[in-house]
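Reviewing the structure listed below.
The values are calculated or read from the model by the stated rules, or taken from the named source; none is laboratory data. These figures come from a predicted structure and were not determined experimentally. Cβ coordinates were reconstructed from backbone atoms using ideal geometry, including for glycine residues, and neighbour counts include every protein chain displayed. In case anyone asks, the SASA skips ligands and DNA or RNA and just uses the protein heavy atoms, side chains included. Shrake-Rupley method; radii C 1.70, N 1.55, O 1.52, S 1.80 Å.
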Amino acid sequence: MLLAYCINIAPAAAAPTGSGTELDPFLITSENDLRLITGASDACWRFENDIALTQNFSLAEFSGTLDGNGHKISNISLSSSEGYSENEAAFILENTGTIKNLHVEGTANYDSSNPGGSIFVYENSGTIEGCSVKGRMNVTLLNTHSQNGSNAGAFTAHNQAGGVIRNCYSRVYMHLTVSGGSTSKIAGTSGFVNENNGYIENCYAATYGRTSSIPYSGFRTNSDDGTFSSCYYDNDLPGINERDTDSFYNVFPLTTEAMKWSGSYSGWDFGGTWAIDENINDGYPYLQNEKSLNITVTGLKLDRTEASLPSGSQLTLTPIFTPENASDQSVSWSTSSRYVATVTDGVVTAVAPGTAVITAATNDGIYSDSCTVTVYEPEPLDYAVNSLTVTEGSGKLRAEVSVTKNSDTKDGVVIIGLYDSTGALSDYIFIDGDLDQGKTYTLGGTLPSVPGGTVKAFVWDSLDSMQPISNSAERKL
């Protein structure tokens, strides 16, 4: 079988894990790994975790495959002052390859008499899908030279012929400034793409301006020969300049309320690609591949509010969060009386008779719930299972149980049961004899070994009624 390679050679030195092929991409686990892309920009790369930049970094060109794997690059910082020329600057200046499942956050500062630039990709003639851009664009129109209209776009400035952008979004704060000259010249700044000669499908922009006094395009500026399909932007946000021809190009202005309803998006996949939750991404659609989204906790309950336990026993309480996929599901536990019951990571241990209130609280202290635990002294068991030992070898196992008879009122049957990995009883040993009260016995036998099974020991009152009259012990195989 032939393997398709994305490159001819790997970086000469300090290469990250992987070989740069489609089946074995270079793995990005640190900022240093990310910077190595410049030496192999035609390779296949995959992020293994989020990256927060500590120094400025951008790529002049990329022609390989960059799989963000749902992770995020943050702290991107871009700055360009070009005077009379367009600001040709972005995190990736030119993409002719494939960028997918990558999420970027940063700030871009562009000033020129002909502003340009983008936070993500300046010029795309490849494929970008499943990606997002968040951050801030500061664009200043200068009057130092003859002024031209802005060519800046939050997601990309120019989507060239052959360029495909699919299932992406931008949520960028636009800060537009005119340093003398015509305000209308900067109105071409776009919330998603400035110029489209390619294909853009199932994308949205929810960008917003500092004020409404300097308008900008909500999603697109120039259509040229490109195609849009089911694209949307929030037209309620300050600064948006709705264009009369937007809907003609399949770019639809929506209210903020409509933007936060899945039914507004024609043909979008909200089963496997997109999702909407009022607690995530401020209620706007988000991509299901995003691993770094913070999902806010809005409620906490315990799986039970009261319980009764005999001394020496344990109970596990489970916190239930709203929403179920909240990002931070850690809680702090406390007890009103450690002399009655203690709690560690939700496991309550009954210490002595009495009542204790067990409380779980979110780390910020906003949400909490409690369970009232009543501890009682149990009636003594007729038999006590003290220990169980299991020795495996040659497909068989030897099991021995230590049993003490506490009461002379009942004769019992000691059971050593073998259960398979599904919990079904596979085989067992029973010892039915006349045991003396107050004495401890070690009893055992041989059973077949079952991978992934469990050996349990307990006492029944008889083989007919099979009522337990002891505690139990178990050992995993």
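Heavy-atom accessible area for Leu23, with the other protein chains in place and a 1.4 Å probe, reaches approximately 130 Å².
Roughly to the nearest percent, how much of the accessible area of the stretch 133-245 is carbon and sulfur, given a 1.4 Å probe?
Numbers: 1510 of 3740 Å².
Result for the stretch 133-245: 40 percent of the exposed heavy-atom area is carbon or sulfur.
Lys260 contributes about 80 Å² of solvent-accessible surface, heavy atoms of the protein only, 1.4 Å probe. Within the stretch 241-383, the percentage of alpha carbon pairs spaced more than 27 angstrom apart rounds to 48%.
Within the chain, how many Lys pairs that are eight or more residues apart, or on different chains, come under 13 Å at the alpha-carbon? Show your work: numbers first, answer last.
On the way: Lys72/Lys100; Lys72/Lys134; Lys72/Lys291; Lys405/Lys439; Lys456/Lys476.
So the count of such lysine pairs works out to 5.
Among rounded, prolate and oblate, which fits the stretch 374-414 when a ≥ b ≥ c are the square roots of the eigenvalues of its C-alpha gyration tensor, a/c under 1.5 means rounded, and a/b larger than b/c means prolate? Oblate, because a/c is 1.5 or more while a/b does not exceed b/c.
Summing Lys and Arg as +1 and Asp and Glu as -1 over all other residues whose Cβ lies under 11 Å from the Cβ of Asn114 gives a net charge of -3. Taking the alpha-carbon centroid of each part, what is the distance from the stretch 61-111 to the stretch 433-468 in angstrom? One Cα centre to the other: 68 Å. When Rg and Dmax are taken over the Cα atoms of the stretch 412-468, they come to 12.4, 37 Å.
Taking only the C-alpha atoms, wrap a convex hull around the stretch 330-381 and report its volume per residue in Å³ as a whole number.
Hull volume over Cα atoms, normalised by residue count, gives 70 Å³.
When a/c reaches 1.5 or more, the comparison of a/b and b/c decides; with that in mind, is the stretch 329-433 rounded, prolate or oblate per its Cα gyration tensor? It comes out oblate by the Cα gyration axes. Averaged per residue, the chain has 45 square angstrom of accessible surface, using a 1.4 angstrom probe with ligands and nucleic acids left out. Select from Ser402, Asn197, Tyr367 the residue farthest towards the positive end of the dipole of the chain; place +1 on Cβ of Lys and Arg, -1 on Cβ of Asp and Glu, and compute about the Cα centre. Value: Tyr367.
Accessible surface of the stretch 250-348, 1.4 Å probe: 45 percent of it comes from carbon and sulfur atoms.
Tally Lys/Arg at +1 and Asp/Glu at -1 over every other residue whose Cβ is under 15 Å from the Cβ of Gly354; what's the total? It would help to have the intermediate numbers written out before the result.
Values: positive: Arg338; negative: Glu306, Glu377.
Local net charge: -1.
Would you please classify the overall shape of the stretch 132-181 from the alpha carbon gyration tensor, given that a ≥ b ≥ c denote the square roots of the eigenvalues, rounded means a/c under 1.5, and beyond that prolate means a/b larger than b/c while oblate covers the rest? It comes out oblate by the Cα gyration axes. Summed over qualifying helices (DSSP H, 4 residues or more, each -39500 (n - 2.57)) and divided by its residue number, the chain shows a 222 nm mean residue ellipticity of -500 deg cm²/dmol. Over the chain, all Cα pairs binned in 20 Å intervals from 0 give whole-percent P(r) values of 20, 34, 23, 18, 5, 0, listed from short to long.
Work the Kirkwood hydrodynamic radius out for the stretch 1-154: mean of 1/r over every pair of different alpha-carbon atoms, inverted, in Å. Let's see the in-between values first.
Numbers: mean 1/r = 0.0623 Å⁻¹.
After inverting the pairwise mean of 1/r, the radius is 16.1 Å.
Taking Cα centre as origin and charging only the Cβ of basic (Lys, Arg, +1) and acidic (Asp, Glu, -1) residues, the dipole magnitude of the stretch 345-427 rounds to 220 debye. If you take all other residues with their beta carbon under 9 Å from the beta carbon of Gly412, and give Lys and Arg +1 and Asp and Glu -1, the sum is -2.
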